[in-house]
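Q: Quick one: the structure is below, and I'll ask about it shortly.
Here, each number is a calculation from the coordinates, and none is a lab measurement. This is a predicted model, so every value here is computed, not measured. Positions of Cβ are backbone-derived with ideal geometry, glycine not excepted, and every protein chain shown enters the neighbour counts.
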Amino acid sequence: MNFAENLLYTHVPGDPSLRRSTRDKEDAKIALTEVREGATEIRDVSWAQLRREVGELAAAMKEHGVGKGDRVVVVASNSVDTLKVFLAASWLGGLFSSSSTDMGVKGVLQRALQVTPKVFHLIRI
């Protein structure tokens, strides 16, 4: 199991097959709550929604050639969307790097050039 799979699913103790389970992470349960700065927006994300959206993003990244060892850079704030990019990249065995929008254009470009990403993703806030 990689990090993303371990976070999104549960391993059944004592089961040698390492098959995935949703025990304690059932679809309808809340996986996380996002609270935007200033509490202007609060949203809950279920396990089902998180798994589905991360899976869709991982599939899209894979279609664009992202695989083990490839680097993915995102420019965004701390958010559920940033977490989804991180988990999708991890799911594929990729490496994740992020830059905050307050780093400015020069800082973001320096960070991106340092890691030479296969995918560069900007999340609108």
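Q: Among the trypsin sites (Lys or Arg not before Pro) within segment 1-102, which fall in a DSSP loop and have no more than 12 other Cβ atoms within 10 Å of their own Cβ?
A: Sites meeting the loop and neighbour criteria: Arg19, Arg23, Lys29, Lys68.
Q: Ok, one more. I'd like the orientation of helix 80-91 relative to the chain: the angle between its Cα long axis and the longest Cα principal axis, in ° from 0 to 90, rounded to 10.
A: Once rounded, the angle reads 70 degrees.
Q: Under the classification rounded if a/c is under 1.5, otherwise prolate if a/b is larger than b/c and oblate if not, where does segment 3-122 fall, given a ≥ b ≥ c as square roots of the Cα gyration tensor eigenvalues?
A: oblate
Q: Could I ask something else about it? Put +1 on the Cβ of every Lys and Arg and -1 on every Asp and Glu Cβ in the chain; which of Val80, Ala60, Gly38 then has its Cα farthest towards the positive end of the dipole?
A: So the residue furthest toward the plus end is Ala60.
Q: Among the lysines, which have Cα under 19 Å from the Cα of Lys25 when same-chain residues fewer than 8 positions away are ignored?
A: Output for Lys25: Lys84.
Q: For the chain, what does the helix formula give at 222 nm: sum of -39500 (n - 2.57) over DSSP H segments with n ≥ 4, over the residue count, nearest 500 deg cm²/dmol?
A: Per the formula, -11500 deg cm²/dmol.
Q: Assigning unit charges at the beta carbon (Lys, Arg +1; Asp, Glu -1) and nothing else, what dipole magnitude in debye, to the nearest 20, does the chain show about its Cα centre?
A: The dipole of the chain has a size of about 340 debye.
Q: Quick one: helix 104-115 against the long Cα principal axis of the chain, what's the angle to the nearest 10°, folded into 0 to 90?
A: Value to nearest ten degrees: 60.
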